[in-house]
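Undergrad: Dropping a structure here in structure tokens format, bear with me for questions.
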Amino acid sequence: MNIRRTLIAASVALSLVPALPALAQTLKAADTHPAGYPTVVAVENMGKRLEAATNGRMKIQMFPGAVLGQEKETVEQTQIGAIQIARISLGVIGPVVPEVDVFNMPFVFRDIAHMRAVIDGPIGDELLQKVTDSPAKLVGLGWMDGGARSLYTKKPVHTPADLKGQKVRMMGNPLFVDTMNAMGGNGIAMSYGEVFTALQTGVIDGAENNPPSYFTANHYNTPAKYYAQTNHLIIPEILVMSKVSWDKLSPADQALVKKSAREAQLDQRALWDKSVADYTAKLKAAGIEFIPVDQKVFFDATAPVRAKYGAKFTDLMKRIGDVK
Ligand code: GTR
């Protein structure tokens, strides 16, 4: 009897609770790049759009310049929900969600236009979904442009033979170490934040990246002043959200976040193109020598890497190749 009365009282009380207002949300976002970098600005703009669409209820607070940690750490923090949104290279997601490594292979895209057509289309959506469906506790929100990565070294490089004995920093993913070894050098995995000192002290002889990163991370201000235009990796950047935080959003808020991430993808592209042109000019003005190379030689040298890592992606690689 008592239990019955308690239950009735509880259900009456529940029916009196007004519908909860949608939760106020400040989403913490992390980026390794400094303020003003295209990815940072695009995510800040995404926050402004979210704020406008929700009358200030949802916001993004951006933490640039790796203040929340190097990319591997920010991925881990995002997995547990301490960070809500991380903008990172897809390269560091490979060890967590191996399915994305199809985009991380050397020369898998013909050029930047090809990569953009792929990430904007169904294959891009499928890969984001693979991140979301994986056990990694991350939600794939959208893509950004990371341009093409080329080599910067102390000694000029024209062919794979010139890389013999040179230690070249790669991002933390075995695929990239194998890529550098196949290109003729010795790949060394290291976090982005350690590269400047390692170049200065001679722990490494070179590294590889796009012109905006080469410049803004100050790597050009080291003995590595020769920039060989290999374009060996065209790795998209990815925006991931913590699954823990995502699950706390209403379906309407989830849709809004997804939509604004898609807008950020296109927003960033315009900022990116401008930044590549600006930083290329700055690097040249600073005396960096841009060396044109025969990319086909590096493409051929890395065939074993595509064979090794691409074996499980044969169909997908064919579909990627077919995208015009
Ligand atoms: C940059 C990329 C960063 C980071 C960095 C690296 O091009 O935007 O997310 O991955 O390269 O080499 O670690």
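The values are calculated or read from the model by the stated rules, or taken from the named source; none is laboratory data. Treat the numbers as computed from the prediction; the structure is a model and nothing was measured. Cβ: placed from backbone, ideal geometry, glycine included. Neighbour counts: every protein chain shown.
Undergrad: Can you pull out every residue in the stretch 121-145 that is closer than 26 Å to residue 212 by Cα and touching a helix residue (DSSP H, G or I) at 6+ places or on another chain (Cβ under 8 Å)?
TA: 124, 127, 140, 141, 142, 143, 144, 145
Undergrad: Do any residues in the stretch 83-99 that are in the same structural domain as residue 46 (by TED's automatic domain parsing) and within 16 Å of residue 312 (Cβ to Cβ) have Cβ atoms under 8 Å from those of residues that are aliphatic (A, V, I, L, M) and within 14 Å of the ligand (Cβ to nearest atom), where the two are at least six apart or on different chains, and which pairs are they?
TA: 94/100; 94/175
Undergrad: Further question: When you go through 297, 276, 293, 305 one by one, which is the residue that is in contact with a strand residue (DSSP E or B) (Cβ under 6 Å, 6 or more places away or on another chain) and under 23 Å from residue 228 (Cβ atoms)?
TA: 293
Undergrad: If you don't mind, another one. Does residue 221 satisfy the criteria of being away from the ligand (no atom under 16 Å from the Cβ) and touching a Gly at 6+ places or on another chain (Cβ under 8 Å)?
TA: Here the answer is no, as residue 221 does not meet what is asked.
Undergrad: Is it the case that some residue within the stretch 297-306 is under 23 Å from the mean Cα position of the chain (by Cα) and among the basic types (Lys, Arg)?
TA: yes
Undergrad: Are there strands (runs of 3 or more DSSP E) fully within the stretch 146-200 with at least 1 residues that are surrounded by 21 or more Cβ atoms within 10 Å (Cβ to Cβ), more than 13 Å from the ligand (Cβ to nearest atom) and not assigned by TED's automatic domain parsing to the domain that holds residue 265? List them.
TA: 149-153
Undergrad: Please specify each residue of the stretch 25-40 satisfying the condition of being in contact (Cβ under 8 Å) with a residue 60 or more places away in the chain, buried (at least 20 other Cβ atoms within 10 Å of the Cβ) and within 14 Å of the ligand (Cβ to nearest atom).
TA: Selection gives 32, 33, 37, 38, 39.
Yes or no, residue by residue, for (1) within 21 Å of residue 32 (Cα to Cα); (2) surrounded by fewer than 21 Cβ atoms within 10 Å (Cβ to Cβ):
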{"position": "221", "(1), (2)": "yes, yes"}
{"position": "231", "(1), (2)": "no, no"}
{"position": "236", "(1), (2)": "yes, no"}
{"position": "252", "(1), (2)": "no, yes"}
{"position": "261", "(1), (2)": "yes, no"}
{"position": "270", "(1), (2)": "yes, yes"}
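Undergrad: Scan the stretch 97-107 and give yes if some residue there is within 15 Å of the ligand (Cβ to nearest atom), surrounded by fewer than 19 Cβ atoms within 10 Å (Cβ to Cβ) and modelled with pLDDT of 95 or more, otherwise no.
TA: no
Undergrad: Select, from 171, 183, the only residue that is at pLDDT 95 or above and under 17 Å from residue 94 (Cα atoms).
TA: It is 171.
Undergrad: Taking residue 187 as the residue in question, decide whether it is in contact with a helix residue (DSSP H, G or I) (Cβ under 6 Å, 6 or more places away or on another chain), of a type outside the set (S, T, N, Q) and within 25 Å of residue 43 (Cα to Cα).
TA: For residue 187, the condition - in contact with a helix residue (DSSP H, G or I) (Cβ under 6 Å, 6 or more places away or on another chain), of a type outside the set (S, T, N, Q) and within 25 Å of residue 43 (Cα to Cα) - is not met.
Undergrad: Go through the stretch 78-96 and report how many residues are crowded, with 18+ Cβ neighbours inside 10 Å and either assigned to a helix (DSSP H, G or I) or acidic (Asp, Glu) (or both).
TA: 5
Undergrad: Please go through the stretch 217-268 and give me each residue that is assigned to a loop (DSSP other than H, G, I, E, B), touching a residue at least 24 places away in the same chain (Cβ under 8 Å) and either farther than 26 Å from residue 96 by Cα or among the charged types (D, E, K, R) (or both), ordered by number.
TA: Scanning the stretch 217-268 gives 222, 223, 224, 225, 248, 250.
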